[in-house]
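Peer 1: Following this message is one structure expressed as structure tokens.
The values are calculated or read from the model by the stated rules, or taken from the named source; none is laboratory data. Everything numeric in this text was worked out from a predicted model, so none of it was measured. So basically every Cβ, Gly included, is an ideal-geometry build from the backbone, and we count neighbours across all protein chains shown.
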Ligand code: SF4
């Protein structure tokens with residue numbers, strides 16, 4: 001595959017193979033002055049992910065920048081990994097996915113299908129558009145709650161969903177984001193930390209500032225930075241005005257309830273959801289918390305969270321637990337005794 005294509009989609013398997021075949025040692029990329037441009041571009045990707053997101057109209061890769069941009073991707077992954085922050089990983093993956101979607105608009109269908117196969121998703125060309133296996137459609141649109149994305153509103157033939165090109169690319173964006181998220185964080189050693197100390201401090205400062213804008217006061221005195229990654233992600237998605245799938249809403253409501261938030265406090269958190277409907281939200285919160293139902297529901301177990309695609313991948317503490325509420329990192333705040341209950345309450 002040509003360098004120009006790999007520079008645009010550096011998460012492809014062929015991209016790392018290309019770097020290896022060119023004999024570019026990672027140590028040199030991380031420290032040699034010859035690769036300063038690639039390091040700067042890698043850092044810029046991370047900062048852009050945190051600051052404002054990419055501008056889809058300005059994502060073209062100039063021929064002279066192709067190698068730097070290709071190498072910038074592993075640099076950016078290392079920077080993101082070094083800070084071990086779920087929110088940063090998510091923002092970075094989203095930034096890369098949005099850029100890829102914008103670039104794919106001007107690329108051939110062959111590239112689209114090739115890229116999809118690596119994610120992997122069963123996407124095929126058909127009549128000027130595409131068709132996607134319905135299981136992949138469901139898997140990669142689970143966070144999109146708007147009516148046009150419901151399976152019932154799709155044209156499904158023999159197990160495949162017919163999609164216009166722009167819609168296929170939008171689904172691909174979700175798949176790319178998930179693919180990148182699942183590959184992070186990488187192990188980062190002390191040498192890398194020393195090499196990027198100044199850059200990492202700068203990124204950490206920006207990250208902390210960004211997190212400070214979260215409406216932590218809206219959810220009482222709970223330190224959200226101590227949430228397990230799944231709950232942190234769900235809360236961040238809500239506060240980023242993103243749609244959260246039904247199971248995600250259920251999980252975060254039950255979680256916030258069990259760490260001691262009142263229904264009104266939980267209700268205020270949901271004021272930011274794009275398809276917020278006050279009556280429905282209040283009803284659901286009252287139901288999940290046992291206010292208007294006989295059951296006080298608990299969040300799903302980790303295995304269920306994983307099967308619904310709302311576990312972003314465990315951090316170190318997660319490795320020894322099986323339930324998000326076991327993740328007792330909330331400043332010593334006691335959780336209430338748990339009562340097992342069906343995961344699909346509403
Ligand atoms: S392993 Fe469990 S607690 Fe950790 S992020 Fe996944 S679902 Fe949450």
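Peer 1: Restricting the first residue to segment 261-283 and requiring it to be surrounded by 12 or more Cβ atoms within 10 Å (Cβ to Cβ), which pairs with a second residue that is modelled with pLDDT under 85 and in a loop (DSSP other than H, G, I, E, B) meet a Cβ separation below 6 Å and a spacing of at least six or different chains?
Peer 2: 261/220; 265/220; 272/241
Peer 1: Applying the selection to segment 140-166, what residues are assigned to a helix (DSSP H, G or I) and over 17 Å from residue 94 (Cα atoms)?
Peer 2: 147, 148, 149, 151, 152, 153, 165, 166, listed by residue number.
Peer 1: Turning to a different aspect of this structure: Before we move on, is residue 182 closer than 30 Å to residue 131 by Cα, within 16 Å of the ligand (Cβ to nearest atom), modelled with pLDDT under 95 and within 16 Å of the chain's Cα centre (by Cα)?
Peer 2: yes
Peer 1: Is segment 168-178 home to any residue that is within 23 Å of the chain's Cα centre (by Cα) and surrounded by fewer than 16 Cβ atoms within 10 Å (Cβ to Cβ)?
Peer 2: no
Peer 1: Another question, if that's okay. Determine, yes or no, whether residue 160 is more than 30 Å from residue 77 (Cβ to Cβ), within 22 Å of the chain's Cα centre (by Cα) and not assigned by TED's automatic domain parsing to the domain that holds residue 246.
Peer 2: No; evaluated as a whole, the condition is false for this residue.
Peer 1: Have a look at 78, 89 and point out the one that is in contact with a helix residue (DSSP H, G or I) (Cβ under 8 Å, 6 or more places away or on another chain), within 28 Å of residue 249 (Cα to Cα) and assigned to a helix (DSSP H, G or I).
Peer 2: 89
Peer 1: Identify all residues within segment 18-27 that are surrounded by fewer than 18 Cβ atoms within 10 Å (Cβ to Cβ) and either in contact with a helix residue (DSSP H, G or I) (Cβ under 9 Å, 6 or more places away or on another chain) or not in a helix (DSSP H, G or I) (or both); write none if there are none.
Peer 2: 22, 23, 25, 26, 27
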